[in-house]
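Dropping the structure in here first, questions after.
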Amino acid sequence: HEGQLGTDVDVAAQDMRDALELVDLPDQVEDPLIQKVDLGAMPIIQLAVTGPGDIADLVTYVEDDLAPSIERIDGVGSVDLLGSSEREIHAWLDPGRLQATGLTVSEVAQALGGQNVDVPGGRIDNGEQELSLRAAARVQTADDLGRIVLTSRGNAPIRLGDLARIEDGLEERRSSAFLDGEPAIALLIRKQSDGNTVDVADAVKAMLPELRADAPRGTRIEAVVDNSTSIRASIETVQLDIVLGGVLAVAIILLFLRDWRATLISATALPVSVIGTFAFVAAMGFTLNMMTTLALSLSIGILIDDAIVVIENIVRHRTDLGEEPMRAAERGTSEIVLAVLATTLSIVAVFVPVAFMDGLVGQFFFQFGLTVAFAVLMSLFVSFTLTPMLASRFLASHAHDAPSTGVSGAIQRVLDRVEVAYRRVITWALSHRLATLGLAGASLVLTVFLAGALDFEFVPTQDTGQFEVSIELPPDASLAETERRALSMAARLQDMGGVTSTLTTVGGGVQERANLATILVSLPHKTERGFSQRDAMTVARETLADEPNALIAVGPLELTAGSGGNTADLQLELRGSDLESLALAAQQIADELATRPGFVDVDTSVRFGKPELEIRVDPERAADLGVAGGSVAMTVRSLVAGVVATQLESNGERHDVRLQLAPTDRSTTEAAMRAQVRSASGRLVSVGDVASADQVDGPSQIDHRARQRQVVVSANLDGISLGAASGEAVALAESMAPDG
């Protein structure tokens, strides 16, 4: 459905799920994840929670108390946690003890699952009463788990505790968060589909004092991202512009008409037209957003135009021609109906097509164009009905040649001089028709030329007081190493001055890449600092320029970053069938762009060199020993990645019990290669007897688009416009990219 704007996203997502269900994927492949890029589903507010105790205690508090309390707030749709881990019972297997007992990991998992069951047993009907039957053999604690008997050797039972160390802990961490260097958990709060961002965010912030009061001593709960702030500030600014524009429009009418009755009659077109437009916005299902309020702000000066023209002609009939109020209103309005109608409809003819433009711009300006068009049509209706009616009742008559004194006289003398000057210009234009046409044509050509010379961008960068530092370490960097480097960089950013807080997040995401980190830098409000957000980003970029073996990008906070897309200012897509050729061309283009002024944070999307240990089974040796290759693969996977053998129920919740090698045994492949699998004859065979471990390198991710492999060259811009940068990048790519 790419490129088909207006497509129902829910239908498209379901079509994708239906299509993927027809594809026969290997058993080892995880279920595909289909996500909808929905601006309305983006987090509206983000909280960070830190505490003095152990991270496990903080996780328990956030998951059991804080997150459910927030989810109960009216309008909150969901709360996602970052830096949190689910409770999990670990059975750290000892490879030596496992080998000594003659059990394989699959046999341990099967026996454990069979000794911890809770299944329905049917119903018992004694004629008077029906009872449900349940057969339960469940353990309640981690200690009970260790006493489960797996098998016996002679008269000696072999218990799980004989083979493994039982630990009640958390699942393996693949993400973490830190607020100002302290371990934290980030809560991403999303609103319901029909909720209002500002209302929901206000409700969450209103509950923060109560949440802080109920939190354990020393717990810190901070709102680090609040998207409603910028929305509220933008709407309030536009509303101020509307009011100020209306006041200035009325003041200018009074300045020229110098009649408070005529001014008030004309000014009534403003509130009546605006209120009528509000009704139209509600009827169309729009909201008072940036587009509709911008349309009203733009229309303020237009809304009163028709009323001014009508009231001025009525005043002329009333004063110059001495007609009665009713007749002056009737004739004054009827004389200019066609002129006013033509003026208004010409405005409508401009803005209605804006509402129905194709592409992404059309999606944004649909509400804008229709709101402007209806507003001016409403003003036309008011000027032809309400304005002449009020003029016929309340407009006073005064002699046209009556002397003006005081301020009114001074204004009249200035207007007389303007009128004299204007008559001279009109006289000259009518006397020099060719010159007038030449000037008009030259103005048109100059306008086209200037429009082409202007830079362009879709959305201007705003000073929100927050920006992001994206960090990528080498592909083999561990989570602990990424945490250490990211926290060191966050400390350096705090030392550069003017930084109020930093929120560091490591790993996470769909791919759970441990070598990625993000630092959210918060600045004081722009009225409280003597530098701009762009200046702070430049200083941050210079501060971290000497960090070794790290790709660092500094950019503004993107509200749509949750979609998982690249948020760089400039993105150049290269497509083809040969990934290595694409990667080479992309790197050459990136290297050249990095040397040119204005291009910063230049990078490519392809990553080679992801180390990988591959356990290769020798088919001939495996066949000779009667070992299936799948048994070898599943044994290695169970020991290293772990296998959920059963679940432990506690306080109404179930937690996974994972069999796995201890972290120290998983640091090398030695324990996995010594692990045993059972052959077809019942013998125990070591994995190392039928397989070997080799280290290989390969791309960590392969992107496709339009059924071709794709590599993206991305860059942020500093001191160069997007139009100039894109033209320069495209020209460079055309000269350097290989054919095809």
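The values are calculated or read from the model by the stated rules, or taken from the named source; none is laboratory data. The shown structure was predicted, so the numbers you read here are calculated from the model rather than taken from an experiment. Please note: Cβ atoms are built from the backbone with ideal geometry, for glycine as well, and neighbour counts cover all protein chains shown. Note: areas computed on protein heavy atoms with side chains; ligands, DNA, RNA excluded. Shrake-Rupley method; radii C 1.70, N 1.55, O 1.52, S 1.80 Å.
Quick one: with all protein chains in place, what share of the accessible area of the chain is carbon or sulfur, to the nearest percent (1.4 Å probe)?
Numbers: 22500 of 40940 Å².
Percent of accessible area from carbon and sulfur atoms in the chain: 55.
If you place +1 on the Cβ of every Lys and Arg, -1 on the Cβ of every Asp and Glu, and leave all else neutral, what size is the dipole of segment 581-740 about its Cα centre, to the nearest 20 Debye? Intermediate results must be reported in sequence, preceding the final value.
Details: 15 positive and 22 negative charges, 140 e Å.
Taking the Cα centre of segment 581-740 as origin, the dipole is about 680 debye.
Which order do the peptides 320-329, 58-67 take when ranked by the mean count of other beta-carbon atoms within 10 Å per residue, highest first? Before the final figure, lay out each step's value.
Values: 320-329: 15.8, 58-67: 18.9.
For the peptides 320-329, 58-67, the packing ranking is 58-67, 320-329.
Rg (Å, one decimal) plus Dmax (Å, integer) for the alpha carbons of segment 285-443?
When restricted to the Cα atoms of segment 285-443, Rg and Dmax are 20.3, 60 Å.
Here's a follow-up. Taking Cα atoms, how many degrees apart are the long axis of helix 406-431 and the longest axis of the chain, rounded to 10 and kept between 0 and 90?
Approximately 90 degrees, to the nearest 10.
If you count only protein heavy atoms with a 1.4 Å probe, what accessible area per residue comes out for the chain, rounded to a whole Å²?
Numbers: 40940 Å² over 740 residues.
On a per-residue basis, the chain sits at 55 Å².
Could you point to the label whose value was computed as P(r) over Cα pairs in 20 Å bins from 0, in percent for the structure here, given [x] 12, 33, 30, 16, 7, 2, 0; [y] 14, 38, 31, 14, 3, 0; [z] 16, 45, 31, 7, 0?
[x]
Place the peptides 524-537, 114-127 in order of packing, highest mean first, counting for every residue the other Cβ atoms within 10 Å and averaging per peptide. Could you put the intermediate results ahead of the total?
Details: 524-537: 13.9, 114-127: 10.9.
Answer by packing, highest mean first, reads 524-537, 114-127.
Per residue, how much space in cubic angstrom lies within the convex hull of the C-alpha atoms of segment 146-239? The partial results should precede the final answer.
Numbers: hull volume 19.5 nm³, N = 94.
Spread over its residues, the Cα hull of segment 146-239 gives 208 Å³ apiece.
By per-residue mean of other Cβ atoms within 10 Å, what is the highest-first order of 332-342, 595-605, 430-440, 263-273? Spell out each step's value before the answer.
On the way: 332-342: 15.5, 595-605: 17.7, 430-440: 10.4, 263-273: 21.2.
The densest-packed peptide leads the list: 263-273, 595-605, 332-342, 430-440.
Taking the Cα centre of segment 493-558 as origin, sum charge times position over the Cβ atoms of Lys and Arg (+1) and Asp and Glu (-1), and report the length of that vector in debye to the nearest 20. Before the final figure, lay out the partial values.
Values: 5 positive and 8 negative charges, 37 e Å.
That gives segment 493-558 a dipole magnitude of about 180 debye.
May I ask you to give the average projected area over all directions of the convex hull of the Cα atoms of segment 590-705, in nm² rounded to one decimal? All intermediate terms of the calculation are to be shown ahead of the outcome.
Details: hull surface 56.0 nm².
Dividing the Cα hull surface by four gives the mean projection, 14.0 nm².
Over segment 323-367, what lengths in whole Å, largest first, do the semi-axes of the equivalent ellipsoid take, defined as the square roots of 5 times the eigenvalues of the alpha-carbon gyration tensor? Present the calculation step by step, with values, prior to reporting the outcome.
Working: eigenvalues 298, 16, 3 Å².
Working through the eigenvalues yields semi-axes of 39, 9, 4 Å.
What nm distance separates the two modelled labels at residue 101 and residue 19, each placed 7 Å from Cα along Cα→Cβ?
Each label point is offset 7 Å from its Cα along the Cβ direction, giving 4.9 nm.
How much net charge surrounds residue 690 when only the other residues with a Cβ under 14 Å from the Cβ of residue 690 are counted, with Lys and Arg +1 and Asp and Glu -1? Let's see the in-between values first.
Numbers: positive: 616, 621, 674, 678, 683; negative: 618, 620, 624, 689.
Cβ neighbours under 14 Å give a net charge of +1.
First select every other residue whose beta carbon is under 14 angstrom from the beta carbon of residue 376; then total the charges, Lys and Arg +1, Asp and Glu -1.
Details: positive: none; negative: 305, 306.
Taking every other residue near residue 376 into account, the sum is -2.
When only C-alpha pairs under 8 Å and at least 6 residues apart count, what is the relative contact order of the chain, in percent? Mind showing how you got there, number by number?
On the way: 1114 pairs, mean separation 114.8, N = 740.
Rounded, it is 16 percent for the chain.
Starting from the Kirkwood radius over alpha-carbon pairs of segment 671-719, derive D by Stokes-Einstein at 4 °C in a medium of 1.567 mPa s and give it in µm² s⁻¹. Provide the component values of the computation, followed by the final result.
Working: Rh = 15.9 Å.
My calculation gives 82 µm²/s for D.
Here is a follow-up. About its Cα centre, how strong a charge dipole does the chain have in debye, to the nearest 20, once Lys and Arg get +1 and Asp and Glu get -1 at the Cβ?
On the way: 57 positive and 100 negative charges, 405 e Å.
I would put it at about 1940 debye.
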